[in-house]
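Novice: Let me begin by handing over the structure; questions about it come next.
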Amino acid sequence: MLFQLTEEQLMIQQAARDFAQNECLPGVIERDEQQKFPREQIMKLAELGFMGMMVDPEYGGAGMDTVSYVLAMEEISKIDASVSVCMSVNNSLVCYGLQQYCTEEQKRKYLTPLAQGRKDGELYIGAFMLSEPEAGSDATSQRTTAEDKGDYYLLNGTKNWITNGGTASVYLVIAQTDASKGSRGINVFIVEKNWPGVTVAAKRKQTRYSR
Ligand SMILES: Cc1cc2nc3c(=O)[nH]c(=O)nc-3n(C[C@H](O)[C@H](O)[C@H](O)COP(=O)(O)OP(=O)(O)OC[C@H]3O[C@@H](n4cnc5c(N)ncnc54)[C@H](O)[C@@H]3O)c2cc1C
């Protein structure tokens, strides 16, 4: 087997390397110190097609392969881990799930603008909400519930450590629909930021540890 990058993969790697140097490096320390969301960088990544790299072009994606995605992630992570984690969540946790498991209607409505990283000229990205104050590694101990109310579900719970949490327009929320089924009673709900009852709490102040 030949482990060699294709010409296209090499081009994507170089584009990501250039992007990291030119767009991420300037101000990376200041953004980190100020805990500032890298909005400008994410908007530009969207223009490059890097927010929905593996999504089918039919749904607004770039239709690239997984290796290309990993190469781009590697290059951007070398310079700015904050930009790369925002990018990775939109690509993998959000767009991948929508592409694999959603209905055609949901794909048109949510996946297409998320893969493009914009809607009506504004930044449009997603977040994946699993972790809770009492549920991290053991994700099945999450307590958010989704109650079937007939023509809608009522969700109750709190999520934290959510990448893109304050900026995303769409959330994939993990919730328990049937506690008696344990981990098999857990489902995912698409929630829009502007829906009634959704509250984004203040960002927790970053703690710095020194040796
Ligand atoms: C940069 C970043 C981005 C994140 N983004 C998201 C996001 O977008 N969405 C989201 O839902 N979550 C997100 N998270 C949260 C992340 O998924 C959790 O931090 C992770 O699941 C670990 O949970 P925890 O922090 O509560 O640690 P804990 O689960 O409390 O673990 C603490 C320590 O105990 C160890 N440990 C835990 N269980 C066991 C065991 N059974 N045996 C041995 N050791 C064990 C762990 O390895 C770890 O060292 C993010 C976290 C980070 C750091």
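The values are calculated or read from the model by the stated rules, or taken from the named source; none is laboratory data. Note that this is a predicted model, so its numbers are computed, not measured. Because the Cβ atoms are built from the backbone with ideal geometry, glycine has one as well, and the counts that use them run over all protein chains shown. Protein only, heavy atoms only, side chains kept; ligands, DNA and RNA dropped before computing areas. Shrake-Rupley method; radii C 1.70, N 1.55, O 1.52, S 1.80 Å.
Novice: Does Arg108 qualify as being outside any loop (DSSP other than H, G, I, E, B) and not aromatic (Phe, Trp, Tyr)? Even if it seems obvious, please write down each step before you answer.
Specialist: Details: outside any loop (DSSP other than H, G, I, E, B): yes; not aromatic (Phe, Trp, Tyr): yes.
Yes, satisfied.
Novice: For region 87-140, what are the residues that are within 22 Å of Glu40 (Cβ to Cβ), touching a residue at least 12 places away in the same chain (Cβ under 8 Å) and away from the ligand (no atom under 16 Å from the Cβ)?
Specialist: Correct list: Pro113, Ala115, Gln116, Gly117, Arg118, Lys119, Leu123, Tyr124.
Novice: Give the number of residues within region 111-129 that are in contact with a strand residue (DSSP E or B) (Cβ under 6 Å, 6 or more places away or on another chain) and either assigned to a helix (DSSP H, G or I) or open to solvent by 50 Å² or more (accessible area, probe 1.4 Å) (or both). Break it down into steps so the answer makes sense when it comes.
Specialist: Going through region 111-129, the residues in contact with a strand residue (DSSP E or B) (Cβ under 6 Å, 6 or more places away or on another chain) turn out to be 113-114, 124, 126-129.
Of the ones still in play, those that are also either assigned to a helix (DSSP H, G or I) or open to solvent by 50 Å² or more (accessible area, probe 1.4 Å) (or both) are 113-114, 128.
Count: 3.
Novice: While we're on this one: I want to confirm something. Restricting to region 12-64 and keeping residues that are basic (Lys, Arg) and more than 26 Å from Gln99 (Cβ to Cβ), which single residue is surrounded by the most Cβ atoms within 10 Å (Cβ to Cβ)? Even if it seems obvious, please write down each step before you answer.
Specialist: From region 12-64, those basic (Lys, Arg) are 17, 31, 36, 39, 44; that's our starting set.
Going one step further and asking which of them are more than 26 Å from Gln99 (Cβ to Cβ), we end up with 17, 31, 36.
Details: Arg17: 17, Arg31: 19, Lys36: 12.
Only one residue fits best here, namely Arg31.
Novice: Looking at (1) more than 16 Å from the ligand (Cβ to nearest atom); (2) more than 27 Å from Thr103 (Cβ to Cβ), which one does Glu192 not meet, given that it meets all the others?
Specialist: Looking at each condition in turn, Glu192 falls short on (2).
Novice: In addition: In this structure, is Lys159 away from the ligand (no atom under 12 Å from the Cβ), of a type in the set (D, E, K, R), surrounded by 15 or more Cβ atoms within 10 Å (Cβ to Cβ) and under 30 Å from Gly61 (Cα atoms)? Reasoning before the result, please.
Specialist: Working: away from the ligand (no atom under 12 Å from the Cβ): no; of a type in the set (D, E, K, R): yes; surrounded by 15 or more Cβ atoms within 10 Å (Cβ to Cβ): yes; under 30 Å from Gly61 (Cα atoms): yes.
No, not satisfied.
Novice: If you check Tyr96 against the conditions, is it open to solvent by 70 Å² or more (accessible area, probe 1.4 Å), in a helix (DSSP H, G or I) and under 22 Å from Ala15 (Cβ atoms)? Walk me through how you get there before you give the answer.
Specialist: Values: open to solvent by 70 Å² or more (accessible area, probe 1.4 Å): yes; in a helix (DSSP H, G or I): yes; under 22 Å from Ala15 (Cβ atoms): yes.
For Tyr96, the condition - open to solvent by 70 Å² or more (accessible area, probe 1.4 Å), in a helix (DSSP H, G or I) and under 22 Å from Ala15 (Cβ atoms) - is met.
Novice: A further question follows. Just one of (1) in contact (Cβ under 8 Å) with a residue 40 or more places away in the chain; (2) under 14 Å from the mean Cα position of the chain (by Cα) trips up Ile186, so point out which.
Specialist: Of (1) in contact (Cβ under 8 Å) with a residue 40 or more places away in the chain; (2) under 14 Å from the mean Cα position of the chain (by Cα), only one is false for Ile186: (2).
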